[in-house]
Amino acid sequence: MQKAAVYYESWSAAWTDDPNKMNLSGISYPTSIVNLSFVQPACAYVAGQKSWQGTGLNFSQDFAVVYAAIQILRKKGIKVMLSVGGGSYWSDPSVTFNPKNCVDLMVDLGADGIDLDWEVGQQYDYQLTNAIASLKPLMPKGTFISFAGFSTGAYGKNGDTYQGMNIHAMTHQGGNVDWINIM
């Protein structure tokens, strides 16, 4: 079965206190993966916190409502991933990645894994490799790691900012990634 992934913009969710009425829970086939965007790499979430403070996610709903909406999706067979990064968060190559905090948020939300939406460019290609390597040992059994690969990220490097930016990670950590979402 082919996988069809979408990115769900947390800031676009219309407010409701009913998880069954939340537009997140209404997503259906042919979507098989929903990436909740975007968790900041320097996530300050602490296990059990159950709030959006310090996460980068901008839901207007309470944590419990989003948790319940995620469980509705999962019952439909749709995987829900936390998408960490995006162009605005990774654009500074000195950004700190807190993998444990991201995993704690994933677990408390009852999500299926973490998608690294890393967009710095080939000059810092080792950062995606390091992010996968630091994340993998913290992931609970049965969860997934994916990353958003730039459309030319596997092409040889030629001076273009994004061309070839995923080669290092695929070569050194490819065995720790369950799938790649092509941007």
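The values are calculated or read from the model by the stated rules, or taken from the named source; none is laboratory data. Predicted model, so just to flag it, every value in this text is computed and none were measured. Positions of Cβ are generated from backbone atoms using ideal geometry, with glycine treated the same way; all protein chains shown enter the neighbour counts. The area values use the complete protein model at the heavy-atom level, side chains included, leaving out ligands, DNA and RNA. Shrake-Rupley method; radii C 1.70, N 1.55, O 1.52, S 1.80 Å.
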With Cα atoms, 0 to 90° folded angle of helix 63-75 axis to the chain main axis: 80
Starting from the 7 Å offset along Cα-to-Cβ, what nm value, one decimal, do you get for the label separation of Gln123 and Lys76? 4.2
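Given Lys21/Lys50; Lys76/Lys136; Lys75/Lys157, which pairs have Cα atoms separated by over 32 Å?
Pairs exceeding the cut-off: Lys75/Lys157.
Please report the relative contact order for the chain, taking Cα pairs under 8 Å with a sequence separation of at least 6, and give it as a percent rounded to a whole number.
With pairs under 8 Å counted, the relative contact order is 18 percent.
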So how far, in whole Å, is the C-alpha centre of the stretch 19-80 from the one of the stretch 164-183? 24
Measuring from the longest principal axis of the C-alpha atoms of the chain, the long axis of helix 126-135 (C-alpha) lies at a number of degrees, nearest 10, equal to 40
On a 0 to 90° scale, report how tilted helix 99-109 is relative to the longest principal axis of the chain, with both axes built from alpha carbons and the result rounded to the nearest 10. 30
The stretch 1-53 shape via C-alpha gyration tensor axes, a/c threshold 1.5: oblate
Whole-number accessible area per residue in Å² for the stretch 34-96, which is evaluated in the context of all protein chains at 1.4 Å: 40
When the solvent-accessible surface of protein heavy atoms is calculated with a 1.4 angstrom probe, in what order do Phe63, Phe150, Phe38 fall, highest first? Phe150, Phe38, Phe63
Of the accessible area of the stretch 1-122, computed with a 1.4 Å probe and all protein chains kept, carbon and sulfur make up a percent value of 50
Residue-normalised 222 nm signal for the chain, counting each DSSP H run of n ≥ 4 as -39,500 (n - 2.57), nearest 500 deg cm²/dmol, is -7000 deg cm²/dmol
Using a 1.4 Å probe and ignoring any ligands, DNA or RNA, find the accessible area of Asp108 and quote it in Å² to the nearest 10. 30
